[in-house]
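Note sheet for the following structure.
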Amino acid sequence: MSLPPTPAQTVGPFFGYALPFTGGGDIAEGPESITVHGLVLDGAGDPVPDALVEIWQADRDGSLTGAPGSLRHDQVTGEVIGRHGLDFTGFGRVPTDADGHWAVRTVAPGPHRPGATPYLAVAVFARGLLHHLHTRIYLPDHADALRADFPDTGADRLATLLATRERDRRYRFDIRLQGDRETIFVDLR
Amino acid sequence: MTTPPTTAPTQAEIDAAIVEADRTAPPDPHHPNRDYPPYRSSALRHPRQPLLPIVDPEAVELAGPVFGATDVSSLDSDLTLGLAGEPAGQRITVTGRVVDRSGRPVPRQLVEIWQANAAGRYAHDLDQHPAPLDPNFTGFGRCLTDDDGSYAFTTIRPGAYPWRNHVNAWRPAHIHFSLFGTAFTQRMVTQMYFPGDPLFRYDPVLRSVTDQAARDRLVARYDHDLSVAEWSLGFRWDIVLDGPISTLFEDR
């Protein structure tokens, strides 16, 4: 049996009071944590201030069994109060700010199977984007493994999947929806 | 009231662009073409390079986040509660099942909705069109699907909403839905529409789904058995998540 799927529609401009949640970018904090941040840019190179970036990733040990609790609630007020920091949920969600900028704090993922190249899986939503996009963030330590995983894709294109190290534990990853250095978006089949 | 700039296209120009776009087969007939000129904001926000196909049964994206009792409160699924008074508008319930393309239910997963109020106004600073805000309605809700994949919300029927895509552009009444499956590849954001809305044919967002049968899948149906006497009208909308997990099963 194969049912036809429900079509996608754009997230629109007004998700900001519904989807972002307190602590959405704080996937993991502590001495092991890293910051990954960047801009979402359109085909004119202008920042996209109404995009939503979601991250799904393995834990440091490569485990993909993220725990519940990303949107933990206060039972008195009903407000989202954020994670308690004990379990790794593997999920982050951040809106871009007025400058098109987003940031998450997390841990570098481990290999999700022996020999696998670790990465952060990313979903991007925006006003003007009728169907969300998936991409991946590879940390620069894994540049060679990334090229080995995609031998048919040019190094220039693959570089759009590589975060750059700005300083210790801080990485930059811009998402270019269109144009020069357009980010590679992936289609898992 | 702000008048859109005179450079904005007319409805007739958008209608012509919709007819033109209907002639272009989308890369995936089930979904909108991300390059859809009648929706003008898509022009600079779609990739021009083809997506990179990846076949990897152990990809990170074939797992996904999970949610549980701590992620939703019991009030989250009733958008008419939680503030000082009752929101204005017609009370409705919206319910349905979330399944994958094999028809298997998606249990214990997060469903999030957001919408305009009964006057068509969003509780967002960027929506400043002259319709009243409702102090008793913020317009977002969450729930977890049950073991059968079912979700249910109580809310009010949203109004149509004016926007600046073209002159005299109005979005048909809709509720935004955000859905998770068992895999991150099944992630879905979409919009639910109400049956019989006369604005359907004018709306480039809905029309971006160029196949009529696929468009029809975005429209809830009125279900009289779900209506509650002297209380609420009932709508049913079932959701089928796309994604390769089910494809793998189908191929066996």
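In terms of its alpha-carbon gyration tensor, chain B comes out oblate; a/c meets the 1.5 threshold, while b/c is at least as large as a/b. Here the 3J(HN,Hα) profile of the range B:155-163, calculated from phi with Karplus coefficients 6.51, -1.76 and 1.60 at θ = phi - 60°, is 7, 10, 5, x, x, 5, 9, x, 9 Hz, Gly and Pro shown as x.
How much area per residue is accessible in the range A:33-176 when the probe is 1.4 Å and only protein heavy atoms are counted (Å²)?
Accessible surface, normalised per residue, equals 41 Å².
Calculate the translational D of chain A in whole µm² s⁻¹ from Stokes-Einstein, where the hydrodynamic radius comes from the Kirkwood formula applied to all Cα pairs, the temperature is 10 °C and the viscosity 1.306 mPa s. Kindly include the intermediate steps, with their values, before the conclusion.
Numbers: Rh = 17.5 Å.
Diffusion coefficient, whole number: 91 µm²/s.
Considering only A:106, A:41, A:131, and ranking their Cα positions along the charge dipole of the range A:33-176 that arises from unit charges at the beta-carbon of Lys, Arg, Asp and Glu, the one farthest toward the positive end is A:106.
Each of A:62, B:156, B:166 was placed along the dipole of the protein assembly as shown (beta-carbon charges, centred on the mean Cα), and the one lying farthest toward the positive end is B:166. Note on residue A:157: accessible area is roughly 60 Å² with a 1.4 Å probe, heavy atoms of protein only. Pairwise inverse Cα distances across the protein assembly as shown, averaged and inverted, put the Kirkwood hydrodynamic radius at 22.4 Å.
Under 10 Å, Cα contacts only: if you run a Gaussian network model on chain B, which one of B:226, B:79, B:241 comes out with the highest mean-square fluctuation? Of B:226, B:79, B:241, the most mobile in the Gaussian network model is B:226. Of the beta bridges in the protein assembly as shown, as assigned by DSSP with both residues counted there, near 75 percent are antiparallel. Near residue B:219, the amide H atoms lying under 5 Å from its own belong to B:193; only residues 5 or more places off or on other chains count, and H is placed 1.01 Å from N.
Accessible area buried by the pairing of B and A, both sides summed with a 1.4 Å probe, works out to roughly 6800 Å². Put a plus charge on the Cβ of each Lys and Arg, a minus charge on the Cβ of each Asp and Glu, and nothing anywhere else: the dipole of the range A:33-176 about its Cα centre is then about 240 debye.
Taking B:200, A:185, B:140 and ordering them by how much accessible surface each has at a 1.4 Å probe, largest first, produces B:140, B:200, A:185.
Expressed as a whole percent, the accessible area of chain A that falls on carbon and sulfur atoms is 47 (1.4 Å probe). Taken residue by residue and averaged, Cβ atoms of other chains lying within 10 Å of the Cβ of A:106-118 number 1. Under the criterion of Cα pairs below 8 Å and six or more residues apart, the relative contact order for the range A:33-176 equals 32 percent.
Just A:156, A:61, A:99 to compare: in a GNM of chain A, with alpha carbon springs under 10 Å, which one fluctuates most? Maximum among the listed residues: A:156.
What is the set of long-range amide H partners of residue B:122 at a cut-off below 5 Å, with H atoms built 1.01 Å from backbone N? Here the answer is B:117, since their amide H atoms fall under 5 Å of that of residue B:122. Largest GNM mean-square fluctuation among A:57, A:178, A:75, using chain A with Cα springs under 10 Å: A:75. Mean per-residue shielding of peptide B:211-221 is 2, counting Cβ atoms of other chains within 10 Å of each Cβ.
Ligands, DNA and RNA aside, residue B:171 has an accessible area near 20 Å² when probed at 1.4 Å.
The values are calculated or read from the model by the stated rules, or taken from the named source; none is laboratory data. Computed from a prediction, not measured in an experiment: that's the story for all the values here. Reconstructed Cβ throughout: ideal geometry from the backbone, glycine too, with neighbour counts over all protein chains shown. When the accessible area is computed, the model is the full protein with side chains, heavy atoms only, and any ligands, DNA or RNA have been set aside. Shrake-Rupley method; radii C 1.70, N 1.55, O 1.52, S 1.80 Å.
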